[in-house]
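The structure appears below as structure tokens.
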Amino acid sequence: MLRKRNITASKEDYLERIYDISLVNEKVRSIDVAKALSVSRASVNKSLQGLKQDGYIEQEPYGTIYLTSKGFEVAKETRKRHNALRKFLTQVLGVSYAVADVDACEMEHAISEETAQKLYAYLETITESASE
């Protein structure tokens, strides 16, 4: 049976971007998220409230944004799917990096867990065969 994720693509995008920013800068601010997603601060603040209510983030009043363990897991898995899809598109299909990155962002929200697992396994086999 296919498991449907109980989170919107938009929320996954926000969590993924917060995760990415946190890898570079310990203090993630709403302005950083707005710049990374090319959206207004008002949009970010509204989305952050929803993420906070759903238990994905914690945020000091007008301050630093932190992923909760729940948010971290979703963000990390979303980033993993994105990277795997981009790698497949560029290395297997020969799609340009720029196009593959945009397509991977769309596709990462749609694939099932089963498909993601098969993709990870496939990419491991081509990585192993390339190193032989």
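Label-to-label distance, residue 110 versus residue 98, with points set 7 angstrom from Cα along the beta-carbon direction: 2.2 nm. For the range 16-132, the solvent-accessible area with a 1.4 angstrom probe is 61 square angstrom per residue.
Straight Cα distances below 20 angstrom link residue 11 to the lysines 27, 35, 46, 52, 70, 76, 80, with same-chain residues fewer than 8 positions distant left out. On the range 1-130, 54 percent of the accessible area sits on carbon and sulfur atoms, based on a 1.4 Å probe. If you plug the beta carbon distance of residue 6 and residue 126 into 1/(1 + (r/R0)^6) with R0 = 30 Å, you get a FRET efficiency near 0.40. Just add up the charged neighbours of residue 84: K/R +1, D/E -1, any other residue whose Cβ is under 12 Å from the Cβ of residue 84. My count for the surroundings of residue 84 gives +3. Computed from phi, the 3J(HN,Hα) profile of the range 97-104 under the Karplus parametrisation 6.51, -1.76, 1.60 (θ = phi - 60°) reads 4, 4, 5, 4, 5, 5, 5, 4 Hz, with x in place of Gly and Pro. In the chain, helices alone account for a calculated mean residue ellipticity at 222 nm of -21000 deg cm²/dmol, with every DSSP H run of four or more residues adding -39,500 (n - 2.57). For the range 1-118, the pair-distance distribution built from all alpha carbon pairs, in bins 5 Å wide starting at 0, is 2, 11, 21, 22, 18, 13, 8, 3, 0, 0 percent. What the Cα convex hull of the range 1-54 gives, in volume per residue, is 87 Å³. Between residue 28 and 65, the built amide H atoms are under 5 Å apart, and every one of these is 5 or more places off in sequence or on another chain.
Among the chymotrypsin sites (Phe, Trp or Tyr not before Pro) found in the range 1-63, those both in a DSSP coil and sparsely packed, with 12 or fewer other Cβ atoms within 10 Å of their Cβ, are 62.
The values are calculated or read from the model by the stated rules, or taken from the named source; none is laboratory data. In this text, all values refer to a predicted model and were calculated from it rather than measured experimentally. Don't worry about glycine lacking a Cβ; one is built from the backbone with ideal geometry, like all the others, and counts go over all protein chains shown. To get the accessible areas, we keep the full protein, side chains included, count just its heavy atoms, and leave off ligands, DNA and RNA. Shrake-Rupley method; radii C 1.70, N 1.55, O 1.52, S 1.80 Å.
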